[in-house]
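Data first, discussion second: the structure below is written as structure tokens.
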Amino acid sequence: MGFSASSPRLQLSLWKASYPPPSAGLWGECWASQPSVSLNLTLTHKPFSLKRKQDSSSEASHTCTLSDKDSDVKVVNLDRLSGVMVMKLLKSSESSESSCSSLQLKSFSLIQNTNTAAKEGAVAELTSSFVLPIIREIYETGSAHCVSSLLSSINNFINLNSRELDSVHCAALRFILQHCTAVSLSLLWTSIPEGELESTVPLLNHVSHLSVDRLLLLRLLHCCSASEPQQGAAALLLSALRHRLDFSCSSALDLTEHTQTHTLSSKDCRVISMTIQRASTQIQLILHDCEIEESGLEQLFTILHKVSLHCSKALLLQFLSHVHVGTELESVRRAVALSKALGEEVDFSQTQLDLQACRSLALVLEHSEGLSELDLSHCQLTDHCLELLLPHLNKIQVLDLSHNNITDVSAKRIYDIVSTNSNIHTV
């Protein structure tokens, strides 16, 4: 590890050396993901230098001394160093009136080098443990002029994943958002205190891409529906999420949980429905790894015509069971909404379909306009089940009915349909 500087810039460079990195702490986390990072700070001061010295008695002890022509700075443990703490090193151990103490941060850039050669202007993808103290320092010093420099250096991507934010951190994040446009913000597995979301959501108009886990997503949705002023923020939230509500565990797996399945309550489904109803464009609704209360399913039926639905086969079967409810007109309305939400491909393979499920599926197929592929393999279909579906199979281009309990009589009827309908390509 080495340090060098020339007026008026201080350059802190980190690179792999022969000794092992610290095993724990902030520095160790940064080291693991960023073996080669340079932090450049523009300072109003004369030339000075940083020198590293290693205590031979301990491989984990890496310290440095900051000095200029007039004074030395106390020895600092590098294991505790972070980007914004560099500025705090510039303080004389002898006197607070030292020339070093007058140094002020003007601007900085973060540059990531490759292992083979440094590439000027390369983008640094810093860990959240490094980014968080930087934005906090900018906020506490009121250095709004540093925001554009920081974001430009990290390609407008603020990574705050897996952080436990306090009220000051949230205020710092809002300060950054207020002084930027079109930034990407990642808050996966991030803990945010109660009461902080309400003041953060209105600033999502500065966020072009927001990444959150499903628990934080639910909190945001509930926040947007809490009051009339907040309801206007629903459009901002959907835009930042790129009109995608993902409640699956694939992009937000919480390893502390014993199960990957999350149950959406009736209240959850109500706020999801309210948010989607205000959307001006189609929403991608991803419900993989989710279970839904029966009353919650009723809430979602009201917005199925406005979404592209992605869910498990078990949940899809649950939706089918709610098609034939109420009057015939209501059943048709639900079938139309579900057919629009399902899109071009429906996969029921390995799912047992009884007569009631097939009756609902037949109604969905009857009112389907864009369905092209239907997989009903291994569904334990009988001749009676298939009889309900046959009148509507001519709409399907690719149909899989393999491994079912179908007799030769039904097989002959399927053959007749295929022979007389050029729309069916593969059976």
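Observations
- The residue list 338, 363, 381, 342 contains one member that is out of contact with any Lys or Arg (no Cβ under 6 Å at 6 or more places or on another chain) and more than 30 Å from residue 276 (Cα to Cα), which is 381.
- Candidate set from segment 260-288 (those that are open to solvent by 10 Å² or more (accessible area, probe 1.4 Å) and part of a helix (DSSP H, G or I)); member that is nearest to residue 341 (Cα to Cα): 277
- Test: residue in segment 409-426 that is more than 30 Å from residue 303 (Cβ to Cβ) and of a type in the set (Lys, Arg): yes
- Among the residues of segment 400-418, those identified as outside any loop (DSSP other than H, G, I, E, B) and either touching an Asp or Glu at 6+ places or on another chain (Cβ under 7 Å) or not hydroxyl-bearing (Ser, Thr, Tyr) (or both) are 400, 408, 409, 410, 411, 412, 413, 414, 416, 417, 418.
- Scan of segment 196-244 for residues that are free of Cβ contacts under 8 Å to residues at least 24 places away in the same chain and either among the hydrophobic types (A, V, I, L, M, F, W, C) or part of a loop (DSSP other than H, G, I, E, B) (or both), ordered by number: 220, 227, 232
- Count of segment 142-181 residues, restricted to those that are open to solvent by less than 30 Å² (accessible area, probe 1.4 Å), among the β-branched types (Val, Ile, Thr) and either farther than 16 Å from residue 206 by Cβ or assigned to a strand (DSSP E or B) (or both), is 1.
- Residue match in segment 182-195 (condition: open to solvent by 60 Å² or more (accessible area, probe 1.4 Å), assigned to a helix (DSSP H, G or I) and acidic (Asp, Glu)): no
- Top-ranked residue in segment 219-243 [being farther than 20 Å from residue 308 by Cβ and among the hydrophobic types (A, V, I, L, M, F, W, C); ranked as surrounded by the fewest Cβ atoms within 10 Å (Cβ to Cβ)]: 226
- Where strands (runs of 3 or more DSSP E) fall entirely within segment 289-398, those with at least 2 residues that are at pLDDT 95 or above and crowded, with 18+ Cβ neighbours inside 10 Å are at 307-310.
The values are calculated or read from the model by the stated rules, or taken from the named source; none is laboratory data. These figures come from a predicted structure and were not determined experimentally. Because the Cβ atoms are built from the backbone with ideal geometry, glycine has one as well, and the counts that use them run over all protein chains shown. Accessible surface areas use protein heavy atoms only, side chains included; no ligands, DNA or RNA. Shrake-Rupley method; radii C 1.70, N 1.55, O 1.52, S 1.80 Å.
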